[in-house]
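The values are calculated or read from the model by the stated rules, or taken from the named source; none is laboratory data. Nothing here was measured: the structure is a model prediction, and the numbers come from that model. Note that each Cβ is placed from the backbone with ideal geometry, even for glycine, and that neighbours are counted across all protein chains shown.
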There are 2 protein chains.
Amino acid sequence: MTPFGKFPFRSLKDLASVACKEAFTDAGVGAGDINAAVVGNALGGLITGQECIRGQVVLRPLGIQGVPVTNVENASASGGSALKLAYIMVASGAYDLVLALGMEKLYHRDRQRTLEALAAGMDLEHIESFLGMQINGDTKNNNGAMQINQRSIFMDYYAMGARMHMQLFGTTQEQYAMISEKNHFNASLNPLAQYKTPYKVDEVLESPLVTYPLTRLMCSPISDGAAAAVLCSADFARKLGKQNAVTLAASIEVSGMDRPSDAPDIGQRVAKKAYEAAELGPEDIDLAEVHDATAFGEVYAYESFGFCEKGAGGRFAQEGHSRLGGKLPVNPSGGLLGRGHPLAASGVAQIYEAVMQLQGRAGKRQVQGAKVALTHGAGGAIGVEPAVMNVQILKAG
Amino acid sequence: MTPFGKFPFRSLKDLASVACKEAFTDAGVGAGDINAAVVGNALGGLITGQECIRGQVVLRPLGIQGVPVTNVENASASGGSALKLAYIMVASGAYDLVLALGMEKLYHRDRQRTLEALAAGMDLEHIESFLGMQINGDTKNNNGAMQINQRSIFMDYYAMGARMHMQLFGTTQEQYAMISEKNHFNASLNPLAQYKTPYKVDEVLESPLVTYPLTRLMCSPISDGAAAAVLCSADFARKLGKQNAVTLAASIEVSGMDRPSDAPDIGQRVAKKAYEAAELGPEDIDLAEVHDATAFGEVYAYESFGFCEKGAGGRFAQEGHSRLGGKLPVNPSGGLLGRGHPLAASGVAQIYEAVMQLQGRAGKRQVQGAKVALTHGAGGAIGVEPAVMNVQILKAG
C-alpha cells in the first residue's frame, strides 16, 4: 500500500502503480503473470472525471493489459467488494492469479466537490437523503447533490447511531474519545498512516464538534491512497513456492435493507455468514481491522462481531480490551481514524495490515502470536443501514 | 428488457424495475429468490449524480435487499461485464441464482453533458484523448472532459477505422450504408426498438455527415433503457423445472492493449478464447448480436469472429449474408443502430435477443432453427483498441 494522506500532485495512476508494484514484489510475481484484475474505486468519476474504465487506465502504465479488468464500486466498502470478487474469480477456477486493487483520490481543492461526491453513496431520490440537511436544488453539478455545511452527511448518520447508543446503553462521549485516542496512538506506530500524532482523550473531546457527540478527531479524514493484494488458490501458492501465504477463510458481502427494527441488523447478518464460512467464532479472532469511519463505527463493530455483548462496546474500549496488548486488539494499523480513509483503498489496506500481522511483520504494532484476523468494511446508506457491508476472515499459513 | 428510447421522465429505478420483473416472470422465480446481483451502469454517476451504490438504489423498490450487489462498469461493454461476473459467481458455487442487470439513462436535456460523460470512456490523461479534438481546459465540470462539437469522440475513432478499411480493402461507404439499412429494417420488426422506421441506402447516405464516411444513420443514437437476465447452474435450472433454459457456453472478456500493429487485435483475441471455451467455431454460429455502435463496428465483428475473411466484411454485407434469411443473420434485433444503445443495457439486451431467438420466440425477426448465438460488446478506448471487449456464446437447451 501507499502511504495515506492528501496528495494533490499524485494521480490515481501514480498511487495505483506504487501499491501494485509492491504487492507483486511481495507475492513474488510479475505484472505479466496476472490473469484478471478487479479495481475498486468509489468517487473517481465524480472527483476526477475519469469514469467507465478506471481500472484499465491505471493499470496501463504497469503493462497490465489484455486481461479482463472489472471496475467495481460500493462506496466506502469498494475495496472489500474488489477483494470478494477476486476471491470468487479464483474460486470459479477461471483464473489462477487475480489482482485486487483499491484506490481513491478524495482530496479536491474545492472541498464542496468532495462532500457532494460523498453524498452519492446514498439513494439520492429517497427521503432519508433530504432529512436533516439543507437541500440546494441548483448546485453546480445540477444533480440533486446536497449542500452539507462542510461535513459529510455520513457523519450525521454515525452521530445518530452514537446518540442512540448513549441513550440505550449509557455509553459516554468519553468512551468514544478513548477509541479515537487508541487508534491515533496505533497510527503513530504506522509509517504509512496519514496522522502520526497521538492525541489524548481530552484533546479528542476538545477538537471541533462535527455533530454531537462526534468531534473532528472522532471522524475519519479526507484521504488519498491505494492498496493492492494478489489472490490465488492454495495449490497455486504452493506451486509459486510461497511459504508464508495467508489464507482467506471467508469473504462475505451483504447489502442494507429496509427492515423491521427487531430483525437482525446488517452487522449481525454479515458476521453470522462470515463465521459460518470460516468455521470460526469470535473467540478465535486475534485482531480486527474494522470500519471506524467514526469512533461509533468501532463500537458497532465490537458488538456485531461478538467481541462483547450488545451494548457493552463503550466499556469494552474503556477497559482496554481493544488496545495493543489487550485481549483483542482492534485497528492496530490506526484504523480509518488514524491511518486515513481513501474510500476504496481502505478495505484493501485492512488486508495489508492483516497480512503483515499474520506474517509477524507489523513492527511496533505487532499483535504477538496473531493467527486469525477479521477485516470489515461498510459503505453508503440504504435507510438506517449501510448499503453494503463486507467481512473477511484471514488465517496465518 | 424495456423498450429503448429517450425517456426524460423515467428514472433508472423505473427502467430497472420493469426489466427485472419481466426477467423474473420469464425465469419463474421471485425477487426474493435472488442470491446476488451484478448491476452494470456506465454513466449514471456523471449524468444523474447517483454514484457508488447504483445497484442497491435501483433494486430497493423491487425488494431485492440484503444480498450482495456488485456495481460494475466498463463503458459500453458494462452489460457484458455484468453478465460475465454473474456467470463467474454461479461457476464459483457460492450463489445459486444471480441477477445480471444492465441499465442506462444517457439522455440529458443538456446534450453537452451526455457527450462529455461519454468521453470518460477514454484515458483522459493520455495523448489520444487530445488528438483530433478541441480541448477546453475549463469546462463546467473542470475535469478535463472535452468539448466535442456535438458528436461523441468515439465516432471519430470508428470513422478512422472505417476509412482505413476502405483504403486497405476497397470497402465502400455504400457497403456501410447497407449494414445500416439492414439493421434499421430489422429494428422495424422489433417492438422494443428505439427506431422503427426502415431506411433505404440512399437515405442513410444522405443523412447528415458525422465524420467521413459515417453519416448519422450509420451511428448509434443516445438512448435510455434496461435489460436483465437470471443466471443459474444447469442443475439448478433442472430443479426449477425449466425446460427451455438457454446455456451460456462461453462468457469471455479481454481488455485493450498498446500493441505492435502485427500482434493479434482485441477482436481476434477475444474470439479465439470464446470459441475455445465453447468448443465451437464460426461455422456453428446461427446468429450474432454484435456491437454496431457504428456500421463499421459490424464489419469489424464479421471479420473478428470469422464470419468472413479479413477485409471481406463490406462484401459480406453487400451479398446479403448477414440479413434475416441470409446464411448468418447479424443483429436481427436491429442492433445498436436500430434498437438503440443505452450503454450498459445493450450487452444484456443482446442476451435477451439471443434467448428469444434460441427459444423460437422472436416473432417476425425469428432466425429459423437457431441453435447457437454469439453476442459481442465493446467499450471505451485504450490507444487504438477498445478498452474492453466481451463475447458470449449461447446454445439452445
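Brief remarks follow.
- Number of the condition not met by A:Gly326 [criteria: (1) out of contact with any His (no Cβ under 8 Å at 6 or more places or on another chain); (2) closer than 29 Å to A:Thr172 by Cβ; (3) surrounded by 24 or more Cβ atoms within 10 Å (Cβ to Cβ)]: (3)
- Helices (runs of 4 or more DSSP H) wholly inside the stretch B:292-339 containing at least 1 residues that are small (Gly, Ala, Ser) and within 17 Å of B:Ala77 (Cα to Cα): B:295-304, B:335-338
- A:Gly267 meets each of the listed conditions (1) within 11 Å of another protein chain (Cβ to nearest Cβ); (2) over 28 Å from A:Phe24 (Cβ atoms) apart from (1).
- Residue tally, condition within 7 Å of another protein chain (Cβ to nearest Cβ), aliphatic (A, V, I, L, M) and not in a helix (DSSP H, G or I), over the stretch B:69-93: 3
- Filter result for the condition that a residue is in contact with a strand residue (DSSP E or B) (Cβ under 8 Å, 6 or more places away or on another chain), more than 10 Å from chain B (Cβ to nearest Cβ) and among the aromatic types (Phe, Trp, Tyr), over A:Phe9, A:Phe24: A:Phe24
- Unmet criterion (only one of (1) touching a residue at least 24 places away in the same chain (Cβ under 8 Å); (2) more than 10 Å from chain B (Cβ to nearest Cβ); (3) over 30 Å from A:Asp292 (Cα atoms); (4) not aliphatic (A, V, I, L, M)) for A:Gly63: (2)
- Every condition in (1) among the acidic types (Asp, Glu); (2) out of contact with any strand residue (DSSP E or B) (no Cβ under 7 Å at 6 or more places or on another chain); (3) in contact (Cβ under 8 Å) with a residue 40 or more places away in the chain is met by B:Asp14 except one, and the failing one is (3).
- Yes/no for A:Arg361 being among the basic types (Lys, Arg), surrounded by fewer than 24 Cβ atoms within 10 Å (Cβ to Cβ) and more than 20 Å from A:Asp284 (Cα to Cα): yes
- Flag if A:Val57 is under 25 Å from A:Phe154 (Cα atoms), at the interface with another protein chain (Cβ under 7 Å from one of its Cβ atoms), crowded, with 23+ Cβ neighbours inside 10 Å and of a type in the set (A, V, I, L, M, F, W, C): no
- A:Asp110 vs. criteria within 12 Å of chain B (Cβ to nearest Cβ), surrounded by fewer than 17 Cβ atoms within 10 Å (Cβ to Cβ) and modelled with pLDDT under 90: yes
- Considering the stretch A:32-54, the residues that are more than 9 Å from chain B (Cβ to nearest Cβ) and part of a loop (DSSP other than H, G, I, E, B) include one that is surrounded by the fewest Cβ atoms within 10 Å (Cβ to Cβ), namely A:Asn35.
- Checked against the criteria, A:Phe24 does not count as more than 20 Å from the chain's Cα centre (by Cα) and modelled with pLDDT under 95.
- Candidates A:Glu253, A:Glu181, filtered to the one that is among the charged types (D, E, K, R), in contact with a helix residue (DSSP H, G or I) (Cβ under 6 Å, 6 or more places away or on another chain) and under 30 Å from B:Pro61 (Cβ atoms): A:Glu253
- Residues within the stretch B:365-397 that are within 9 Å of chain A (Cβ to nearest Cβ) and either part of a loop (DSSP other than H, G, I, E, B) or surrounded by fewer than 21 Cβ atoms within 10 Å (Cβ to Cβ) (or both), tallied: 3
- Residues in the stretch A:355-384 that are under 16 Å from the mean Cα position of the chain (by Cα) and under 27 Å from A:Leu124 (Cβ atoms): A:His376, A:Gly377, A:Ala378, A:Gly379, A:Gly380, A:Ala381.
- Residue match in the stretch A:195-211 (condition: crowded, with 23+ Cβ neighbours inside 10 Å, under 19 Å from the mean Cα position of the chain (by Cα) and either in contact (Cβ under 8 Å) with a residue 60 or more places away in the chain or farther than 28 Å from A:Ser11 by Cβ (or both)): no
- Unique residue being on the phi > 0 side of the Ramachandran plot and touching a residue at least 12 places away in the same chain (Cβ under 8 Å) when the list is B:Gly306, B:Gly313, B:Gly360: B:Gly306
- The condition of being crowded, with 22+ Cβ neighbours inside 10 Å, under 22 Å from A:Leu374 (Cα atoms) and touching a Ser or Thr at 6+ places or on another chain (Cβ under 6 Å) holds for only one of A:Glu298, A:Glu289, that being A:Glu289.
- Which listed residue, of B:Ala274, B:Ala250, B:Ala288, B:Ala278, is in contact with a strand residue (DSSP E or B) (Cβ under 8 Å, 6 or more places away or on another chain), at pLDDT 95 or above and within 12 Å of another protein chain (Cβ to nearest Cβ): B:Ala250
- Checked against the criterion of being more than 8 Å from every other protein chain (Cβ to nearest Cβ), within 20 Å of A:Met1 (Cα to Cα), at pLDDT 95 or above and not in a strand (DSSP E or B), the stretch A:95-104 has no qualifying residue.
- When the stretch A:1-28 is filtered for residues that are buried (at least 19 other Cβ atoms within 10 Å of the Cβ) and closer than 27 Å to B:Ile252 by Cα, the ones remaining, listed by number, are A:Lys13, A:Ala16, A:Ser17, A:Cys20, A:Ala23, A:Phe24, A:Ala27.
- Residues of the stretch A:65-79 that are surrounded by fewer than 24 Cβ atoms within 10 Å (Cβ to Cβ) and of a type in the set (Val, Ile, Thr): A:Val67 alone.
- Screening B:Ala23 on (1) without any contact (Cβ under 8 Å) to a residue 60 or more places away in the chain; (2) over 19 Å from A:Leu83 (Cα atoms); (3) of a type in the set (A, V, I, L, M, F, W, C) shows it passes everything except condition (1).
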